[in-house]
Structures are given as structure tokens and as C-alpha cells.
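The block underneath contains the structure these notes are about, expressed in C-alpha cells.
The values are calculated or read from the model by the stated rules, or taken from the named source; none is laboratory data. These numbers come from a predicted model, not from an experiment. So basically every Cβ, Gly included, is an ideal-geometry build from the backbone, and we count neighbours across all protein chains shown. What goes into the accessible areas is simple: the full protein's heavy atoms, side chains included, and nothing from ligands, DNA or RNA. Shrake-Rupley method; radii C 1.70, N 1.55, O 1.52, S 1.80 Å.
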Amino acid sequence: MKTLWFVFILAVWTACVFCYSELSNEELSYIDRSKNLDLLDPTNPNGYLAPILQVRTPGSQGSKNVQRHFQQFFNDLTGWHVKLEEFTMAGPQGQVNFTNVIATRDPPGVEKRLTLVAHYDSKLLPDGFVGAIDSAFPCALIMYVVKQLNDVLTTQWKHDRKIGLQVLFLDGEEALEEWTDDDSIYGARYLAQKMEEKGLLNTIDMFVLLDLLGAKSPSVMSMYEGTDWAHKNMKNVEKRLRKQKFAKHKRSEASWFARPGRFFIGGMLGDDHIPFLQRGVPVLHLIPYPFPETWHELSDNAQNLDEKAMHDWALLMTVWTAEYLELSGGFGIENVDL
Ligand SMILES: *[C@@H]1O[C@H](CO)[C@@H](O)[C@H](O)[C@H]1NC(C)=O
């Protein structure tokens, strides 16, 4: 009996080792040199972030503008399929129209994806709330990662292990009145149920939810034992980026990734991952706890985003995602003067 367990654990362990491979320092340097932080500048109208920073409550004109911004982004990229999924659900004041944005790039013949997720709706109150960390920056960050890695996917999928990449920009995360199970995470509840009905939940290799990012000094805990290895890898990426001085934060500063995990906390934070978690999907929840002080305040705007933090998130998420997708070797380093 003991031996069997050992073989089982070894098999699981081996599987995880093979779904993650580190980039070299040269590759980190390449990612650093090819960065384009203008895309995340909240004052750049041609970037990814500025067009999201508007009131975008479900069904509003702002919401439609932001959907178009996402759609155009994916339409301009090689290999992506994007769809706007409209649906209606009952809110506290009657039926509300919502729209989830679902974008996918799959290698030929493969239906298994790393799924990067953020909500794009803004909260109804306070009036004029644009939710810079909640979750305009997380959305823009996901776009940035996709843009930085898209050509490498094309190169690497010619020969290596293949896993697709999916982006979910979910609507209706915020409560329309008071946060309850029935008045929150509309888009996530709808999508999780739809995917279950279609038997598609197992296409999600990992559901990585980004929320409340972009303020300074986040502390992101590991919340679920099943994805603790991925959290550990994120801390490892942070360490290497700081050591090589690509990060704006120094090695001596506090890590953003508190370890060991505090798995009880995960169950206490309501967010878009819950309906997926309840259906057995592996979840990595990237949310700082405690929340930044601008949370749900009018001051959650462009002025209170932290430039250094946004810079480091951009590098960190690009590298971590590249390692998850095993893109090492695909960066065309040999064509570049180091
Ligand atoms: C919701 O969508 C339907 C169908 O597209 C439309 O007829 C209706 O006016 C919309 N409702 C609201 C409140 O916008």
C-alpha cells in the first residue's frame, strides 16, 4: 500500500515538473529589453490601460467601449479567436444584460489552456468610479502578457509541448447593490455553469485570477494547496528578476509573495474564481491581502496606480506565463546582440 502511494505521488510530482520550465537569464534579459511599458501608461490613449479607465458598469456605453477595445486587440493578433458572450441575469432590480469576453489561442489539436482572468466591469457606486486596480490594470496587464508572448507561441508551438492560452474578461463581478451570493460575480457564475454543461471545465489547466493589482507593495498569499507550486514559482520569478536588476524593486524589499501558504484564507475571499473552484478547477488567486487602501473608493483611479509596481507586474507575469507555457528556447535569442 505504501509503495503504491509513493508511485502515485511521484507520478503527480513528475507531471507538475513537466508543466513548468524556467527561462534562462538571457531570456529574462530579452524580455526586459523588449518591454513596452507605454502600453500600461494610464495617460497613453493608444495603450491598453487608458481606454479601460472609464465608467463601465454592466450594459453601459462605457462597457461596450471597453468590449470593443478588447475585441480589437485580439482581432489584431495572430491566432486568436475572440467572442463576446451576451446573457441576461436577474439583479436586485430586475433583469440585467451582461457580456463576457472570451479569447482563446489554441495550438492545433489541443484543448487545454492556461486561463488568465480578470473582471472588467466597474462598480456602480461611488458615482464616477473607474476602478484602476479593480480591475482595469489587471485587464491591461493580461493584454500586455498576451502581446509580449504571442509571437513566441507561434515559434514554440512548431515543436514543443503545447498548451493553449485563454483570456476571460468577465462582466458583473461587482455587486449591483450589496455583495451576496446572488448579487455578485454574475459573469463568472454564468460562464462556469455554461462550461460545465458543455463539458469544457477540464480544458482549464489552471484558472489564474488577477484582482486589485497595480497599487504599491502588494502581499499575495498562496490560497490553495493544489496551486501552491505555481505561487512558489511566482516568488522564484520575482527573486530572479530582482537579482538580475530587471525589477524596479530591490532584493532587500519585502517579497510580494508571502509563503508558506495560508490556505484557510482562500475560502473567505469571494471573487470570480468561486464558481470554478466549486466545480473542481485548479485556481491561483492573485489578489493582495489586505486589499489596497483605495479599494472601492473614488480614489481607485489612475493617479493612485504605482508605476514601479505596474512595471514589475508586467515583467513578472510575462516571465511566469512564459515558463508555465514552456516557451524557453522560443525567444529568438540567437538573433539578438546581447
Ligand atoms: C437587453 O438586451 C436585449 C436584447 O439585446 C434588449 O432588447 C434590451 O433592451 C436590453 N436591456 C437593457 C436594460 O439594456
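A few points about this structure:
- Helices (runs of 4 or more DSSP H) (entirely within the stretch 259-338) containing at least 1 residues that are at pLDDT 95 or above and in contact with a Lys or Arg (Cβ under 7 Å, 6 or more places away or on another chain): 274-277, 307-324
- Boolean, residue 82 is under 20 Å from the mean Cα position of the chain (by Cα) and either surrounded by 17 or more Cβ atoms within 10 Å (Cβ to Cβ) or not in a strand (DSSP E or B) (or both): yes
- Qualifying positions in the stretch 140-197 - touching a Pro at 6+ places or on another chain (Cβ under 7 Å) and within 18 Å of residue 110 (Cα to Cα): 157, 162, 164
- For beta carbons closer than 8 Å, sequence separation of 6+ or different chains, a first residue in the stretch 186-197 that is open to solvent by less than 10 Å² (accessible area, probe 1.4 Å) and a second that is among the hydroxyl-bearing types (Ser, Thr, Tyr) and assigned to a helix (DSSP H, G or I), there are no qualifying pairs.
- Residues (in a helix (DSSP H, G or I) and surrounded by 17 or more Cβ atoms within 10 Å (Cβ to Cβ)) located in the stretch 241-254: 241, 242
- Check on residue 128, away from the ligand (no atom under 16 Å from the Cβ) and at positive phi: yes
- Checked against (1) part of a loop (DSSP other than H, G, I, E, B); (2) more than 16 Å from the ligand (Cβ to nearest atom); (3) closer than 17 Å to residue 143 by Cβ; (4) touching a residue at least 60 places away in the same chain (Cβ under 8 Å), residue 23 passes all but condition (3).
- Taking (1) in a loop (DSSP other than H, G, I, E, B); (2) within 16 Å of the ligand (Cβ to nearest atom); (3) of a type in the set (S, T, N, Q); (4) under 18 Å from the mean Cα position of the chain (by Cα) in turn, residue 57 satisfies each apart from (4).
- Members of the stretch 158-173 that are in contact (Cβ under 8 Å) with a residue 40 or more places away in the chain and in a loop (DSSP other than H, G, I, E, B): 160, 161, 162, 163, 171, 172, 173
- Scanning the stretch 117-131 for residues that are in a loop (DSSP other than H, G, I, E, B), out of contact with any Lys or Arg (no Cβ under 7 Å at 6 or more places or on another chain) and within 16 Å of residue 48 (Cα to Cα) returns a single hit, 130.
- On the stretch given as the stretch 26-54, residues that are open to solvent by 30 Å² or more (accessible area, probe 1.4 Å), in a loop (DSSP other than H, G, I, E, B) and of a type outside the set (Lys, Arg) total 10.
- In the stretch 282-295, the residues that are among the aliphatic types (A, V, I, L, M) and touching a helix residue (DSSP H, G or I) at 6+ places or on another chain (Cβ under 6 Å): 283, 284
- Residues within the stretch 61-111 that are within 16 Å of the ligand (Cβ to nearest atom) and out of contact with any strand residue (DSSP E or B) (no Cβ under 9 Å at 6 or more places or on another chain), tallied: 7
- Among all positions in the stretch 215-236, there is no residue which is open to solvent by less than 50 Å² (accessible area, probe 1.4 Å) and at positive phi.
- Among the candidates 153, 176, 212, the residue that is in a helix (DSSP H, G or I) and open to solvent by less than 50 Å² (accessible area, probe 1.4 Å) is uniquely 153.
- Only listed residue being assigned to a strand (DSSP E or B) and open to solvent by less than 10 Å² (accessible area, probe 1.4 Å), chosen from 140, 103: 103
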